[in-house]
1. Name the helices (complete DSSP H segments) of chain B with a Cα length along the long axis of 15 Å or more and a Kyte-Doolittle mean of at least -1.0, or state none.
2. Relative to the first principal axis of the alpha-carbon coordinates of chain A, what is the inclination of helix A:6-30, with its axis defined by its Cα atoms, in degrees from 0 to 90 and to the nearest 10?
3. Bin width 5 Å, alpha-carbon pairs only: give the P(r) of segment B:51-188 as whole percents, running from 0 to the bin holding the largest distance.
4. For chain B, compute Rg over Rh where Rg is the Cα radius of gyration and Rh is the Kirkwood radius from the inverse mean 1/r over Cα pairs.
5. Can you list, largest first and rounded to whole Å, the semi-axes you get for the protein assembly as shown by taking the square root of 5 times each eigenvalue of its Cα gyration tensor?
6. Counting DSSP beta bridges in the protein assembly as shown, what percent are antiparallel, to the nearest 5?
7. Per 5 Å bin from zero, what fraction in whole % of the C-alpha pairs of chain A is there, up to the bin with the longest pair?
8. For helix A:141-152, report the angle its Cα long axis makes with the longest principal axis of the Cα atoms of chain A; keep it between 0 and 90° and round to the nearest 10°.
Amino acid sequence: MKPENPILTMLSLAAGLLFLAPVLYSVWMSFQTADAFYAGRVSFTLDNYERAITQFSFARYLINSLIVSGLVTVLGITVATLAAFAFARFRFPGGDLMFGATVATLMIPSHISLIPNYLTLAKAGLLDTYAGLILPAISNGFAAFFLRQYIRGIPKALDEAAYMDGATHLQVLWRIIVPLSKPAISSMALYIFITEWNNYIWPLVAVGKQDLYTLQIGLARLYRINPGEGLIDWPLVMAASTITILPVLVGFLAVERHLVRGITMGAVK
Amino acid sequence: MSGIALRNIRKAYPGGPTVLHDVSMEFHPGEFIVIVGPSGCGKSTLLRLIAGLERADAGEIEIAGIRANDLAPQDRDIAMIFQNYALYPHMSVRENIAFGLELRGMPKAERNRRAEEVARMLQLEPYLERKPGALSGGQRQRVAMGRAMARNTSTFLMDEPLSNLDNALRVAMRTEIKDLHRQLGATIVYVTHDQTEALSLADRVAVMKDGHLQQFDRPEVIYDRPANRFVAGFLGVPPINFVAADKLPGWQGMQGLTAGLRPDILTVHAQAPKGPSLPVRLVMSEMTGSDLLLHCDSPAGRLTAIAPRRDLQGGTESLWISYDLDRALFFDNQNGERVELTR
């Protein structure tokens with residue numbers, strides 16, 4: 001390792017703080033009373049968290065977000081892994097066309113599918129349900145593409161050795177490909193989870209019942225609730241924001257090592 | 001034990017040339033078969049067809065008397081050792097060896113016992129809990145063999161299993177594989193491009209070139225009576241010398257033949273010998289231990305001969321080479337086939 005350069009270290013620290021500053025400021029703000037905040041005083045309280053959870057149903061929204069993002073992640077990564085395995089390892093009629101179509105979905109802005117998805121789910125009677133929130137998100141072209149590229153890097157001889165050992169296609173996938181693709185799968189799972197966690201438009205369109213609101217919808221609605229005199233209760237909003245950020249942060253820390261490996265895969269042999 | 005029959009096997013890859021042309025062979029139960037040939041001759045493809053990893057475009061594959069063309073690899077009850085070993089990197093040596101048994105539903109205690117038994121045979125016991133990444137090339141090769149052996153199958157396919165090892169290890173492993181064959185009594189189909197492996201291991205050798213089977217016989221027959229010029233040239237170290245027969249002094253036979261003179265039928269002389277011989281100029285000599293490998297230019301062309309080192313102490317460049325025409329091989333110049341001369 002190169003000896004540390006103090007100037008570079010200082011610059012890195014400054015850059016890190018610059019990125020962190022808004023987050024730290026919002027967390028700090030979330031522990032202030034609204035009166036003290038607007039009066040420019042400092043007064044520590046946990047009241048904003050208590051109000052967000054009890055008065056404004058953020059516990060419910062948190063559970064909804066965990067259910068929706070969790071299931072979208074599990075189902076999405078399962079579908080993407082199965083598709084990636086098929087695209088990477090099998091030649092079948094129309095396979096190239098299907099892969100091309102999967103890649104082409106990456107070029108379509110997601111908002112274009114908003115109305116068709118809404119109409120389809122309305123016809124199926126799935127609006128205002130968890131299924132309505134989850135189903136449209138489980139097919140993820142980018143994850144399928146990314147995992148296919150990763151699986152293609154795994155020597156095919158390993159699959160063949162497993163087939164010779166007596167494995168079926170699904171056993172090869174589950175016992176050989178999936179364990180060896182852990183970095184890529186973890187990266188994609190986190191990517192899908194964060195994307196779904198931050199999803200705002202679709203839950204806004206697909207759900208009207210407050211019981212099914214996700215954190216993002218709940219957060220957006222907090223802006224409209226005035227503590228009086230038309231002022232936004234920023235400390236309350238920041239407490240809700242912190243509740244929203246926390247699970248993603250924990251998730252990121254859990255798979256960070258895999259994530260970095262997944263993203264830099266193939267950089268060196 | 002199961003024999004294997006291949007009948008008129010043809011295989012071409014999509015958009016590529018035909019890699020196997022009507023190849024037919026029959027392997028008896030318990031035989032050690034070596035398929036040998038240069039790169040691209042179709043030997044590995046043939047092995048993959050037997051394994052079920054590729055499908056033949058035409059022809060019949062029969063394993064233990066049953067048509068196997070449409071059987072999946074897992075239904076053929078064949079074990080295979082791959083050139084790069086293909087060990088599962090995320091599993092320990094024990095798990096690698098026992099994986100096939102697990103897939104066949106063997107209880108954990110029993111498969112562990114079997115893995116340990118195999119590991120003992122292959123001297124892998126100290127490494128059972130290690131991952132393949134922490135093993136040397138030779139140890140990985142043994143694990144690959146152990147994985148195949150654990151399953152107690154009667155047919156083993158080996159795709160150049162020693163090609164990634166250094167020379168000393170290769171020689172040692174060759175002996176072990178031969179020993180193993182004796183112990184297991186299984187049918188082994190072994191692919192290599194190394195002719196020493198072919199001749200030393202096989203009960204019968206199949207020599208292939210450009211997807212065609214050139215000759216399939218016992219190693220002694222392949223060496224002593226090669227079917228054609230290619231087989232004669234491919235097997236034998238140092239390689240056989242080819243010269244026009246009519247340029248050899250003493251030759252009184254038919255025209256249009258090429259003589260194949262293996263270095264062991266040539267004798268090097270410092271003085272002109274009595275019988276038929278060629279005057280040669282020494283171009284290069286290589287020390288191989290007690291012998292010298294001599295590359296010489298003669299009026300008939302370049303010749304390679306072996307001579308004991310002590311016989312050539314003088315350092316002269318002008319030598320004579322005599323030959324035993326009764327032991328020479330002759331090939332038709334037109335089609336390269338060996339010609340049996342009656343003398």
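1. Membrane-span-like by this rule: B:93-103, B:137-150, B:167-184.
2. 60 degrees
3. 2, 10, 19, 21, 21, 14, 8, 4, 1, 0
4. 1.06
5. 72, 28, 23
6. 75 percent
7. Reading the bins upward from 0: 1, 5, 10, 12, 13, 13, 12, 11, 9, 7, 4, 2, 1, 0, 0.
8. Taking the Cα atoms of chain A, the angle to A:141-152 is about 40 degrees.
Only the coordinates and a few stated rules stand behind these numbers; no lab work does. Since this is a predicted model, take the numbers as computed values, not measurements. Heads up, the Cβs are rebuilt from the backbone with ideal geometry, glycines too, and the neighbour counts pull from every protein chain shown.
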